[in-house]
Amino acid sequence: MVARAWKYDAAPHWVVPGVYLGSDAAGHWIFQAGGAFVARPGAGFFAASDAVCLVPHQDGSASGAAGTGVSTREWVATFYDEGHPAGMRVYVDVSTAICWRRLAPAGWELNSVDMDLDVVRTAGAEDFIDDEDEFTEHSAVFGYPEQLAGSLRAAADELLAAARAGEGVFAAAERTTVTHAAQGWFDAARAAPSSNPH
(Lines give C-alpha, C1' and ligand atoms only; values in the text may rest on other atoms or scores of the structure.)
Protein backbone atom coordinates (compact mmCIF):
# COMPACT_ATOMS: atom_id res chain seq x y z
CA MET A 1 0.00 0.00 0.00
CA VAL A 2 0.98 3.63 -0.22
CA ALA A 3 0.06 6.66 1.89
CA ARG A 4 -0.41 9.79 -0.19
CA ALA A 5 -0.90 13.20 1.43
CA TRP A 6 -2.05 16.42 -0.21
CA LYS A 7 -2.22 20.04 0.88
CA TYR A 8 -5.48 21.98 1.08
CA ASP A 9 -4.88 23.61 -2.34
CA ALA A 10 -4.65 20.09 -3.90
CA ALA A 11 -0.86 20.30 -4.23
CA PRO A 12 0.79 16.88 -3.78
CA HIS A 13 2.62 16.36 -0.50
CA TRP A 14 4.38 13.29 0.96
CA VAL A 15 4.12 9.79 -0.56
CA VAL A 16 5.13 6.96 1.78
CA PRO A 17 5.13 3.23 0.87
CA GLY A 18 4.00 0.73 3.47
CA VAL A 19 2.60 -2.69 4.32
CA TYR A 20 -0.87 -2.99 5.85
CA LEU A 21 -0.64 -4.90 9.14
CA GLY A 22 -4.22 -5.03 10.43
CA SER A 23 -6.63 -3.13 12.64
CA ASP A 24 -7.71 -2.92 16.26
CA ALA A 25 -9.99 -0.67 18.31
CA ALA A 26 -7.71 2.31 17.64
CA GLY A 27 -7.68 2.01 13.85
CA HIS A 28 -5.62 0.67 10.97
CA TRP A 29 -1.89 0.00 11.35
CA ILE A 30 0.69 0.27 8.58
CA PHE A 31 4.36 -0.74 8.64
CA GLN A 32 6.78 1.68 7.01
CA ALA A 33 10.18 0.05 6.63
CA GLY A 34 13.48 1.76 7.25
CA GLY A 35 15.27 2.37 3.96
CA ALA A 36 12.04 2.98 2.04
CA PHE A 37 12.09 5.98 -0.27
CA VAL A 38 9.78 8.78 0.90
CA ALA A 39 9.13 11.68 -1.45
CA ARG A 40 7.21 14.85 -2.15
CA PRO A 41 7.63 17.30 -5.04
CA GLY A 42 11.15 18.68 -4.80
CA ALA A 43 12.30 16.49 -1.90
CA GLY A 44 12.96 12.87 -1.05
CA PHE A 45 14.87 10.71 1.42
CA PHE A 46 15.39 7.14 2.56
CA ALA A 47 13.60 6.49 5.86
CA ALA A 48 16.12 6.41 8.69
CA SER A 49 14.33 3.66 10.65
CA ASP A 50 11.24 1.49 10.80
CA ALA A 51 7.93 3.10 11.75
CA VAL A 52 4.31 2.10 12.23
CA CYS A 53 1.50 4.39 11.21
CA LEU A 54 -1.97 4.52 12.80
CA VAL A 55 -5.04 5.72 10.90
CA PRO A 56 -8.11 6.07 13.17
CA HIS A 57 -11.33 4.46 11.96
CA GLN A 58 -13.18 7.00 9.84
CA ASP A 59 -16.62 5.48 9.30
CA GLY A 60 -19.48 5.31 11.75
CA SER A 61 -19.65 1.52 11.61
CA ALA A 62 -16.20 1.17 13.15
CA SER A 63 -15.24 2.01 16.68
CA GLY A 64 -14.34 5.55 15.72
CA ALA A 65 -11.73 7.00 18.02
CA ALA A 66 -12.15 4.33 20.70
CA GLY A 67 -8.82 3.24 22.13
CA THR A 68 -6.89 6.20 20.80
CA GLY A 69 -7.22 8.43 23.86
CA VAL A 70 -8.86 11.24 21.88
CA SER A 71 -12.32 11.85 20.44
CA THR A 72 -11.24 13.36 17.11
CA ARG A 73 -10.42 11.29 14.01
CA GLU A 74 -8.74 14.15 12.12
CA TRP A 75 -5.18 12.83 12.28
CA VAL A 76 -2.69 10.22 11.17
CA ALA A 77 0.07 9.21 13.61
CA THR A 78 3.49 7.71 12.97
CA PHE A 79 5.28 5.92 15.80
CA TYR A 80 9.01 5.21 16.02
CA ASP A 81 11.05 3.03 18.34
CA GLU A 82 14.57 3.34 19.69
CA GLY A 83 15.98 2.75 16.21
CA HIS A 84 15.26 6.31 15.09
CA PRO A 85 18.62 8.15 15.05
CA ALA A 86 17.17 11.54 16.03
CA GLY A 87 15.06 10.19 18.90
CA MET A 88 11.70 10.72 17.18
CA ARG A 89 8.97 8.74 18.95
CA VAL A 90 5.59 10.14 17.83
CA TYR A 91 4.66 12.38 14.91
CA VAL A 92 0.96 13.15 14.47
CA ASP A 93 -0.20 14.90 11.31
CA VAL A 94 -3.48 16.76 11.89
CA SER A 95 -5.33 15.91 8.68
CA THR A 96 -8.72 15.93 7.03
CA ALA A 97 -10.44 14.11 4.14
CA ILE A 98 -8.83 10.82 5.22
CA CYS A 99 -9.96 8.00 2.93
CA TRP A 100 -8.92 4.69 1.40
CA ARG A 101 -8.91 3.86 -2.31
CA ARG A 102 -8.28 0.55 -4.05
CA LEU A 103 -5.31 0.36 -6.39
CA ALA A 104 -5.35 -1.64 -9.61
CA PRO A 105 -4.53 -4.45 -9.93
CA ALA A 106 -3.96 -4.84 -6.17
CA GLY A 107 -3.32 -2.90 -3.01
CA TRP A 108 -4.61 0.22 -1.30
CA GLU A 109 -3.90 3.93 -1.27
CA LEU A 110 -4.47 5.99 1.86
CA ASN A 111 -5.25 9.59 1.00
CA SER A 112 -5.33 12.54 3.39
CA VAL A 113 -5.10 16.32 3.34
CA ASP A 114 -2.26 17.48 5.59
CA MET A 115 -3.42 20.52 7.56
CA ASP A 116 -0.02 21.70 8.76
CA LEU A 117 -0.34 21.22 12.53
CA ASP A 118 1.71 18.36 13.97
CA VAL A 119 2.01 16.93 17.47
CA VAL A 120 5.58 15.78 18.06
CA ARG A 121 7.33 13.69 20.70
CA THR A 122 11.06 13.18 20.76
CA ALA A 123 13.08 11.35 23.38
CA GLY A 124 14.03 13.66 26.24
CA ALA A 125 11.75 16.56 25.26
CA GLU A 126 8.22 17.68 26.09
CA ASP A 127 5.55 16.97 23.48
CA PHE A 128 4.68 20.05 21.44
CA ILE A 129 2.64 21.33 18.49
CA ASP A 130 4.76 22.12 15.44
CA ASP A 131 4.13 24.28 12.35
CA GLU A 132 1.63 26.64 13.96
CA ASP A 133 3.11 29.46 11.86
CA GLU A 134 2.50 27.43 8.69
CA PHE A 135 -1.10 26.78 9.79
CA THR A 136 -1.69 30.51 10.31
CA GLU A 137 -0.14 31.36 6.95
CA HIS A 138 -2.02 28.70 5.01
CA SER A 139 -5.30 29.57 6.72
CA ALA A 140 -5.03 32.98 5.06
CA VAL A 141 -3.44 31.96 1.75
CA PHE A 142 -5.62 28.90 1.08
CA GLY A 143 -8.73 30.28 2.76
CA TYR A 144 -9.34 27.55 5.31
CA PRO A 145 -13.03 27.74 6.31
CA GLU A 146 -13.33 29.15 9.82
CA GLN A 147 -15.21 26.10 11.12
CA LEU A 148 -12.60 23.69 9.70
CA ALA A 149 -9.69 25.74 11.05
CA GLY A 150 -11.30 25.81 14.49
CA SER A 151 -11.94 22.06 14.41
CA LEU A 152 -8.35 21.31 13.45
CA ARG A 153 -6.91 23.66 16.07
CA ALA A 154 -9.06 21.92 18.69
CA ALA A 155 -7.94 18.52 17.40
CA ALA A 156 -4.28 19.52 17.76
CA ASP A 157 -4.87 20.73 21.31
CA GLU A 158 -6.71 17.51 22.23
CA LEU A 159 -3.98 15.35 20.70
CA LEU A 160 -1.27 17.26 22.54
CA ALA A 161 -3.09 16.90 25.85
CA ALA A 162 -3.53 13.15 25.30
CA ALA A 163 0.12 12.75 24.31
CA ARG A 164 1.41 14.68 27.33
CA ALA A 165 -0.87 12.68 29.64
CA GLY A 166 0.22 9.40 28.04
CA GLU A 167 -3.36 8.42 27.26
CA GLY A 168 -4.52 5.72 24.86
CA VAL A 169 -2.13 5.05 21.98
CA PHE A 170 0.30 7.63 23.38
CA ALA A 171 1.07 5.64 26.55
CA ALA A 172 4.67 4.48 26.93
CA ALA A 173 6.75 2.97 29.72
CA GLU A 174 9.03 6.00 29.42
CA ARG A 175 8.97 8.96 27.09
CA THR A 176 12.17 7.71 25.48
CA THR A 177 10.59 4.39 24.44
CA VAL A 178 8.08 3.24 21.86
CA THR A 179 4.42 3.47 22.89
CA HIS A 180 2.70 0.33 24.19
CA ALA A 181 0.15 0.36 21.34
CA ALA A 182 2.82 0.57 18.64
CA GLN A 183 5.20 -2.04 20.11
CA GLY A 184 2.97 -4.99 19.28
CA TRP A 185 2.63 -3.82 15.68
CA PHE A 186 6.41 -3.39 15.35
CA ASP A 187 6.79 -6.96 16.59
CA ALA A 188 4.16 -8.25 14.15
CA ALA A 189 5.74 -6.45 11.20
CA ARG A 190 9.23 -7.73 11.93
CA ALA A 191 7.99 -11.30 12.40
CA ALA A 192 6.25 -11.36 9.01
CA PRO A 193 8.63 -12.57 6.27
CA SER A 194 6.86 -10.51 3.57
CA SER A 195 7.38 -7.22 5.39
CA ASN A 196 10.64 -7.85 7.23
CA PRO A 197 13.33 -5.59 5.73
CA HIS A 198 16.15 -6.87 7.96
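The values are calculated or read from the model by the stated rules, or taken from the named source; none is laboratory data. Every value quoted in this text rests on a predicted model; they were computed, and no experiment measured them. We place every Cβ from the backbone using ideal geometry, glycine too, and count neighbours over all the protein chains shown. Remember, those area values only see protein heavy atoms, side chains included, never the ligands or the DNA or RNA. Shrake-Rupley method; radii C 1.70, N 1.55, O 1.52, S 1.80 Å.
For segment 1-79, the strands (runs of 3 or more DSSP E) that sit wholly inside it and include 1 or more residues that are out of contact with any Cys (no Cβ under 9 Å at 6 or more places or on another chain) and touching a residue at least 40 places away in the same chain (Cβ under 8 Å) are 2-6, 12-17, 19-23, 27-32, 51-56.
Residues in segment 104-144 that are under 30 Å from Arg175 (Cα atoms) and out of contact with any strand residue (DSSP E or B) (no Cβ under 8 Å at 6 or more places or on another chain): 5 in all.
Of Gln147, Gln183, all but one fail to be touching a residue at least 40 places away in the same chain (Cβ under 8 Å) and either out of contact with any helix residue (DSSP H, G or I) (no Cβ under 8 Å at 6 or more places or on another chain) or part of a loop (DSSP other than H, G, I, E, B) (or both); the exception is Gln183. In segment 53-63, of all residues being within 16 Å of the chain's Cα centre (by Cα) and either under 18 Å from Arg4 (Cβ atoms) or at pLDDT below 70 (or both), the one that is most open to solvent (accessible area, probe 1.4 Å) corresponds to Gln58.
Among the residues of segment 124-140, those identified as assigned to a helix (DSSP H, G or I) and free of Cβ contacts under 8 Å to residues at least 60 places away in the same chain are Glu132, Asp133, Glu134, Phe135, Thr136, Glu137, Ser139, Ala140.
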